[in-house]
Amino acid sequence: QEHVCSLPKVPFRGAPCSDAAGSQVPYAAIMKQVNSSLSGLLWDEVQKAPFYEYKDSVGQFHQVWFDDPHSISLKAAYVKSRGLRGIGMWNGNSLDYSREAAAEQQTQAMWQALTP
C-alpha cells in the first residue's frame, strides 16, 4: 500500500545490505510487463524514476525500478545544467534491438534522452 519494498540483507563486499538481493531485468521485459502489472507505471518524485509492482506466479511481491526516456532526460539535463563532463548508463545492451516497431521506437527514445 505504501509502495515500500525492502531488500533482504545480503552481504556484498562488506556492505550489510545491497542490491545483490535483486536481479537485472532487460528493458524489453519491463516494457512488456509494466502495463499488466498490479500497479501500472508509478513515479517516484524523489528519485525521478519510474517503477512498478507485481506478484509472481507463487504470489511473491516484487518491485521493479528502471529508467525510461523521461527519467534519463531529467538526469541528462541535470548533468548539462551543472556543467558536468558526462553521463553514463548502466547497461545499454539491455534495450530491445529487435526489428519490432515498438522496440525500435523505445530504443531510439532512450538513446535520444541522453542528449538534452
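Each reported figure results from applying straightforward, stated rules to the coordinates on display, with no laboratory input. Since the structure is predicted, the reported quantities are computational estimates derived from the model, not experimental observations. Note that we place each Cβ from the backbone using ideal geometry, even for glycine, and neighbour counts take in every protein chain shown.
Each residue of segment 61-75 was assigned a 3J(HN,Hα) from its phi angle through the Karplus expression (A = 6.51, B = -1.76, C = 1.60, θ = phi - 60°), giving 7, 9, 10, 10, 9, 7, 9, 10, x, 5, 5, 5, 5, 5, 5 Hz with x at Gly and Pro. For segment 63-116, the spread of Cα positions along the three principal axes, ordered from largest to smallest, is 37, 26, 17 Å.
About the centre of its Cα atoms, segment 25-112 shows a dipole size close to 380 debye [charges on the beta carbon of Lys, Arg (+1) and Asp, Glu (-1) only; nearest 20 debye].
Could you give the alpha-carbon Rg of segment 25-112 over 2.2 N^0.38 Å, rounded to two decimals?
With N residues counted in segment 25-112, Rg over 2.2 N^0.38 Å equals 1.19.
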